[in-house]
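Working notes, beginning with the structure itself.
The values are calculated or read from the model by the stated rules, or taken from the named source; none is laboratory data. Given the structure is predicted, the values throughout are model-derived calculations rather than measurements. Note: ideal-geometry Cβ built from the backbone for every residue, glycine included; neighbour counts use all protein chains shown. Calculation scope for accessible area: heavy atoms of the full protein, side chains included, ligands and nucleic acids excluded. Shrake-Rupley method; radii C 1.70, N 1.55, O 1.52, S 1.80 Å.
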Amino acid sequence: MHDWSIFDRARELSDRGETFAWATVVWRQGPSSGQEGSRAIVTAEGVLDGWIGGACAEPVVVREARQAIADGEPRLLLLGKSGQFGEAVPDGMTVVPIACQSEGALEIYVEPVEPAPHLLVVGKSPMARTLVALATALGWCAELIARAEFDDVGPRTMVVVATQGHFDEDAVEGALRAGPAYVGLVGSRRRGEAVLGYLADRGVADLQRVRVPCGLDLGPVPHREIAVAILAELVAFRAAPRAPAPPVEDLVDPVCGMTVEPLGEPVEHEGRTYYFCCPGCRDAFRRDPAAHARKDARC
């Protein structure tokens, strides 16, 4: 039976503008608690909703899902015992050894899902209305606001100030304070210099983030075509390569090398806390903590 509530959860996260990752079991080798078609959602914070397998698979999937969210790249994981698959691993598949006592195996597809781009256009000109209409046609969440109110701005929001001389300074300052991903000002280069100069005199920070004049330089074109130029720049901004994402930190069992959650009784050794996949690994560590700690440091 499918748990359809997982789709409600996906819709909820998307409506809130949160990025998450789908994790879907596409193949299994028994015995394994994960079943083909089992799926889960993992948030950027590492919260998992749904089911893809037990204690052996879940921490690994959470780690890989968070990394997929960070770098925007999907991945196909093959989970099993080290050396279980030999040379028969297709290119592009990531093998993740797990020390599961069931000796089963899982193939899991992890795909990051980003919400629709969020665009706020401040102004009421025909150009501003055209820009919102074009972005909406692309499936973006685009809003036209007459006043510079940025209550719904998030780190992925793009703001275009098209107030045409009506308190441009206040709108740009408010946008910068809200912390969106992009701030653009519609206007001439001379007008932009005046606005930024005024804000600099007031001590407003991050003025280098303001794109002015925003939009591709198409020369003297009608105002509705200016909207096309701005949208093209926003598309290019979103498509720009990301900086390499730092690896997601995780907990590793120092005995078997398996990714684990901070569950069960930990062991302290030389100022560091160690967690384990099972009591057997914990007992092995206690018998010779120095040897396993050295092995963990080499990893």
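Most simply put, the chain has about 55% antiparallel DSSP beta bridges, counting only bridges with both residues inside it. Per-residue extension of 0.36 nm, minus the Cα-Cα distance of residue 201 and residue 291, leaves a gain of 26.3 nm for this segment.
Calculated FRET efficiency, residue 167 to residue 11, Cβ-Cβ distance, R0 = 35 Å: about 0.40 to the nearest 0.05. In the context of the full set of protein chains, the range 148-211 has a per residue accessible area of 55 Å² (1.4 Å probe). In terms of its alpha-carbon gyration tensor, the range 1-84 comes out oblate; a/c meets the 1.5 threshold, while b/c is at least as large as a/b.
Exposed loop sites were defined as GluC sites (Glu not before Pro) in DSSP loop states (anything but H, G, I, E or B) carrying at most 16 other C-beta atoms within 10 Å; in the chain the longest segment without such a site runs 150-248. Shown here is the pair-distance distribution of the range 121-251: with all Cα-Cα distances grouped in 10 Å bins from zero up to the longest one, the shares run 12, 44, 32, 9, 3, 0 percent. By the Kirkwood approach, averaging reciprocal distances over each pair of separate Cα atoms, the range 174-289 gets a hydrodynamic radius of 19.4 Å. Within the accessible surface of the chain, defined with a 1.4 Å probe on protein heavy atoms only, the carbon and sulfur portion equals 52 percent. Figure legend: label point modelled 7 angstrom from the Cα of residue 236 along Cα→Cβ; residues of the range 169-208 with amide N under 17 Å from it are 182-187, 189.
With the largest listed first and rounded to whole Å, the semi-axes of the equivalent ellipsoid of the chain from the Cα gyration tensor are 49, 22, 16. Based on the convex hull around the alpha carbon atoms, the range 183-229 presents an average projected area of 3.3 nm². Three principal axis extents describe the C-alpha atoms of the range 106-197; from largest down they are 60, 26, 24 Å. The length gained by stretching the chain between residue 273 and residue 45 to full extension, at 0.36 nm per residue less their Cα-Cα distance, is 79.9 nm. Ranking 115, 267, 26 by how far each Cα lies toward the positive end of the dipole of the chain (charges on Cβ) leaves 115 at the top. Here each label is just a point 7 Å from Cα along the line to Cβ, and for residue 194 and residue 124 those points are 2.2 nm apart.
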